[in-house]
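Below: the structure, in structure tokens.
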Amino acid sequence: MMFTGFMGPFAILAIALFALLLPIIALIDILRSDFKGNDKIIWVLLVIFMNLLGTLLYFIIGSRQKIK
């Protein structure tokens, strides 16, 4: 039996799913939206290389940079 600390296996699975799902949702949103200049490329690279931090930054800052 593997020791998982205070979290059960379902909590760990939920966190892992959350960590994989959010960047995918962010990448889909970035690729479907229009941005000025090279902003799209920068956001894609940020989300890919800085996974959760890049995703959170995109949802906080980047989603307001989209061209309507």
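Points worth noting:
- Angle between the chain longest axis and helix 9-32 axis [Cα atoms, degrees, rounded to 10]: 10 degrees
- Nearest-20 debye value, the chain charge dipole, Cβ charges on Lys, Arg, Asp, Glu: 260 debye
- If the segment from residue 61 to residue 35 were pulled out straight at 0.36 nm per residue, it would be longer than the present Cα-Cα gap by 8.1 nm.
- Think of a 1.4 Å ball rolled over the protein heavy atoms: the chain then has 80 Å² of accessible area per residue.
- Think of it as helices only: each DSSP H run of n ≥ 4 in the chain is worth -39500 (n - 2.57), and spread over all residues that comes to -21500 deg cm²/dmol at 222 nm.
- Ranking 49, 59, 18, 35 by solvent-accessible area of protein heavy atoms (1.4 Å probe, all protein chains present), from largest to smallest, gives 49, 18, 59, 35.
- The chain - Debye-derived log10 I(q)/I(0), Cα point model, q = 0.18, 0.19, 0.21, 0.26 Å⁻¹: -0.66, -0.70, -0.80, -1.07
The values are calculated or read from the model by the stated rules, or taken from the named source; none is laboratory data. Predicted model, so just to flag it, every value in this text is computed and none were measured. We place every Cβ from the backbone using ideal geometry, glycine too, and count neighbours over all the protein chains shown. The accessibility values were calculated without ligands, DNA or RNA, using every heavy atom of the protein model including side chains. Shrake-Rupley method; radii C 1.70, N 1.55, O 1.52, S 1.80 Å.
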